[in-house]
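Notes follow once the structure below has been shown.
The values are calculated or read from the model by the stated rules, or taken from the named source; none is laboratory data. None of the values given here were measured: they were computed from a predicted structure. Here the Cβ positions follow ideal geometry from the backbone for every residue, glycine too, while neighbour counts run over all protein chains shown. When the accessible area is computed, the model is the full protein with side chains, heavy atoms only, and any ligands, DNA or RNA have been set aside. Shrake-Rupley method; radii C 1.70, N 1.55, O 1.52, S 1.80 Å.
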Amino acid sequence: MSLGLTIFTIVHVLISLVGIFSGFVVLAGLLSARRLDGWTAIFLTSTVLTSVTGFFFPVHRFMPSHGVGILSLVVLSIAIYARYGRNLTGRWRWAYVVTAMLAFYFNMFVLVAQLFAKVPALKALAPTQSEPPFGITQLSVLLVFVALTIAAARRFHNFSTSAPILPPVATSP
């Protein structure tokens, strides 16, 4: 692998990890009915960049990762529009939660696939990623994300966009 490709890979992986970490923070915010605007911007930006940079790796055929990248960009466009274009009004709040968490799930799906491809102990369990340990792990991640997304949609639904982020400060008489 050339030095340029090595550097590009490292940058892509770091952006992916930022997206995953910030995704956990955004999920925690959704579960506690907090918007977390700064973390949301980091999550959405890094997740878009992860998907976009994934298309610049030198491959000569369409791969499953390309399909995941395309799906991720589609759901991210809806999440970004719901969050910034529609300001989470009405049903756009639900659309934001579902699409943002779906994009987060796609990041985790790829993370699991990369771990099974790169970590020797996991690769030994599923060398072609068609073996039961890989499928069971991916199914488990999917089920956890479905449950967390449902919980987040229910809890974040009660969030008021007009409510102050900080409690009011008492003034002295």
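Tabulated results
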read-out	value
Tensor-based shape of the stretch 17-107 (alpha-carbon gyration tensor, a/c under 1.5 rounded, otherwise prolate or oblate)	prolate
Order by protection proxy (mean Cβ within 10 Å, highest first), peptides 148-155, 41-48	41-48, 148-155
Given charges at Cβ of Lys, Arg, Asp, Glu: the chain dipole, positive-most of 55, 104, 17	104
Extended-chain gain in nm, criterion 0.36 nm per residue less alpha-carbon gap, residue 33 and residue 63	7.1 nm
In the stretch 50-130, the chymotrypsin sites (Phe, Trp or Tyr not before Pro) that fall in loop regions by DSSP, at most 12 other Cβ within 10 Å	55, 56, 62
Overall form of the stretch 59-165 per C-alpha gyration tensor (a/c, 1.5; a/b vs b/c)	prolate
CD proxy at 222 nm, helix term only [per DSSP H run n ≥ 4: -39500 (n - 2.57); per residue of the chain; nearest 500]	-24500 deg cm²/dmol
Sparse-neighbourhood loop sites, trypsin sites (Lys or Arg not before Pro) in the stretch 1-61 - DSSP loop, at most 10 other Cβ within 10 angstrom	61
Percent RCO, i.e. relative contact order, over the chain, from Cα pairs under 8 Å lying at least 6 residues apart	23
Distance histogram for the stretch 1-52 (every C-alpha pair counted, 10 angstrom bins, percent rounded to whole numbers)	28, 41, 21, 8, 2
The chain: most fluctuating residue of 65, 140, 32 per GNM, C-alpha cutoff 10 Å	140
Debye, to nearest 20: dipole size of the stretch 1-159, +1 on Lys, Arg Cβ, -1 on Asp, Glu Cβ	440
Choice from 98, 25, 59 showing the highest fluctuation, given a GNM over the chain with Cα pairs closer than 10 Å	59
The chain, accessible surface, carbon-and-sulfur percent (1.4 angstrom probe)	74
